[in-house]
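> Before I ask anything, let me first share the structure, which is written out below as structure tokens.
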Amino acid sequence: MNKSLRPFNTFGIEAGAKRIIEINSVPQLRAVLKELTEPFYVLGGGSNILLLNDLEGVVLKMSIPEIKIERSFKHAVYLSAGGGVNWHQLVLFSVKNDLGGLENLSLIPGTVGASPMQNIGAYGVEIKDVFHKLEAVEIATGKVKIFRKKALAFGYRNSVFKNKLKGKYIIAKVWFKLSKPPHRLRLSYGAIKTVLSASGIDQPTIQDISDAVIKIRSEKLPDPKEIGNAGSFFKNPVIDVKSFSKLQADYAEIPHYPQVDGTVKLPAAWLIERCGWKGKRIGDTGTHVRQALVLVNYGKAKGAEIHALALKIQESVRQKFKISLEMEVNIWQ
Ligand code: FAD
Ligand code: NAP
């Protein structure tokens, strides 16, 4: 293998690929797809992948640039960004220009192009709330296609690109519909309110919210530059009310969040912690001391070792709570 992928994945896993081709435009992407005869992998910021071994193929590193204000109306602005734009840079741009909607999603690693894949979300907001449309290139034909919101079938950490259209398109550009002031602020997450009131802010701006989210995240989540990780390794399970009632009978203190469709979301971190995994270390892998949902690489862990730990955690949670945790991180092999 010629090219190390270690700098290209936030887990910091040492694995190789035959080549890395940087993609800077749609015409170049189409030309590359036409020429390629080997298997390939589409890479953004590498913050949601786990490399199990060397890749028998080529990596297309998405670097299509540019943030642009496309159209501006009295109450709304349409903003577009190339698939290779850093997500947090886009959020900072929107906040600086007083465009509302992305502020709760501050400091999420990765690229704009990957954001619709799992409908990224945090602190009560998902990109589906501000998504307008996207442009993608069909891998089989090189055709450029526009997808509007309905076609993406967004769900909790889910979209059509993780299901029916998995591996079929490469996202080149995304448009968002953002608000002009007065903004509708999303303060439903307790921690945001706590940080704002500790700073004496009772009439927050979107800048205040972004700052609060950055503060909370910096204190709670491990920085991949210091300790390899890919954020939450598993999705928070969503179960039906009947199963929840049974669970609550045994664990009265279980934290839970009723959903609008009548189901109940449980924090996977709590389930994992209750199985005794929080802060546990096996060799160079483990779960983070402050957040059991985040699996970490203490230095030289192999992807397969982190994967083996994830399987053990899944099994413990299944045994104790009869709940199947679904992996959120994309496994590459
Ligand atoms: P990558 O890891 O490079 O790729 C992820 C998947 O998307 C791969 O399957 C890849 O093939 C595919 N892909 C990437 N780009 C494209 C493209 N242009 N076209 C088609 N397919 C593509 N996620 C959240 O939702 N909320 C959070 O709050 C959050 N916090 C995190 C905190 C930390 C510390 C870390 C490390 C991760 C966190 N994540 C979070 C996960 C991650 O940041 C997101 O999933 C992010 O969108 C991944 O972007 P990426 O560019 O790094 O994607
Ligand atoms: P947290 O605040 O400790 O909460 C634990 C879980 O309970 C969250 O994952 C969240 O589900 C749910 N929750 C908490 N308060 C809620 C509320 N008021 N309404 C509905 N659900 C609530 O979580 P955290 O680990 O510190 O993360 C904070 C936010 O950043 C969360 O939104 C989380 O999803 C996001 N995050 C995501 C990743 C990732 O890689 N995907 C990594 C780090 C942080 P939700 O996840 O549905 O919000």
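The values are calculated or read from the model by the stated rules, or taken from the named source; none is laboratory data. Since we're looking at a predicted model, the values are computed, not measured. No Cβ is skipped: glycine too gets one built from the backbone with ideal geometry, and neighbour counts run over all protein chains shown. Each accessible area value is taken on the protein alone, full model and side chains, heavy atoms only, with ligands, DNA and RNA left out. Shrake-Rupley method; radii C 1.70, N 1.55, O 1.52, S 1.80 Å.
> Given a 1.4 Å probe and every protein chain left where it sits, what share in percent of the accessible area of region 67-179 is carbon and sulfur?
52
> State, as an integer percentage, the relative contact order of region 116-161 based on alpha-carbon contacts under 8 Å between residues 6 or more apart.
Taking the mean separation of contacting Cα pairs over the length of region 116-161, I get 43 percent.
> Using the crude model of +1 on Lys and Arg Cβ and -1 on Asp and Glu Cβ, and no other charge, please compute the dipole size for the chain relative to its Cα centre, in debye to 20.
Value, rounded to 20: 720 debye.
> Which is the longest run of the chain containing none of the GluC sites (Glu not before Pro) found in DSSP loop states (not H, G, I, E, B) with at most 16 other C-beta atoms within 10 Å?
For GluC sites (Glu not before Pro) (loop position, at most 16 other Cβ atoms within 10 Å), the longest site-free span of the chain is 67-225.
> I've got another one for you. Restrict the search to region 36-112; then list the chymotrypsin sites (Phe, Trp or Tyr not before Pro) that DSSP places in a loop and that have at most 10 other Cβ atoms within 10 Å of their Cβ.
For chymotrypsin sites (Phe, Trp or Tyr not before Pro) across region 36-112 that sit outside H, G, I, E and B with at most 10 neighbouring Cβ atoms in 10 Å, the list reads PHE73.
> Right, next: Quick one: compute the contact order of region 3-62, relative version, from alpha carbon pairs under 8 angstrom and 6+ residues apart, as a percent.
46
> Okay, moving on. Let me know the longest stretch in the chain that avoids all trypsin sites (Lys or Arg not before Pro) found in a DSSP loop with at most 15 other C-beta atoms within 10 Å.
1-73
> Check cross-link reach from LYS34 to the aspartates and glutamates: straight Cα distance under 14 Å, and skip same-chain residues fewer than eight apart.
Of all the aspartates and glutamates, those that pass the test against LYS34 - Cα under 14 Å, at least 8 places apart if same chain - are GLU138.
> I would also like to ask the following. With each pseudo-label sitting 7 Å past Cα toward Cβ, what's the HIS132-SER324 distance in nm, one decimal?
4.0
> Hey, if you put +1 on the Cβ of every Lys and Arg and -1 on every Asp and Glu Cβ in region 3-62, which of LEU52, ILE13, ASN24 ends up farthest toward the positive end of that dipole?
Comparing the listed Cα positions along the dipole, ASN24 ranks first.
> If DNA, RNA and ligands are ignored and the probe is 1.4 Å, what is the ranking of MET62, MET117 by accessible area, most exposed first?
MET117, MET62
> Residue by residue through region 149-166, what is 3J(HN,Hα) from phi via Karplus (6.51 cos²θ - 1.76 cosθ + 1.60, θ = phi - 60°)? Round to whole Hz and write x for glycine and proline.
Couplings: 3, 4, 5, 7, 6, 4, x, 5, 6, 8, 7, 4, 6, 9, 10, 4, 9, 4 Hz.
> Tell me the per residue accessible area of region 269-333 using a 1.4 Å probe; a whole number in Å² is fine.
With the other protein chains kept in place, region 269-333 gives 48 Å² per residue.
> Here is a further query. Can you work out the FRET efficiency for the pair ASP202 and ASP98, with r the C-beta to C-beta distance and R0 = 25 Å, to the nearest 0.05?
Taking R0 as 25 Å, the efficiency between ASP202 and ASP98 is 0.80.
> Would you pull out the residues with amide H under 5 Å of GLY142's amide H, same chain only if 5 or more places away, H placed 1.01 Å from N?
Counting only residues 5 or more places away or on other chains, the set is empty.
> Now for a separate question. Over region 196-307, what is the relative contact order in whole percent, taking alpha-carbon pairs under 8 Å and six or more residues apart?
This gives 24 percent for region 196-307.
> Return, ordered by residue number, the residues of region 107-128 whose backbone nitrogen is under 17 Å from a label point located 7 Å along Cα→Cβ of LYS168.
It comes to 117-118, nothing else.
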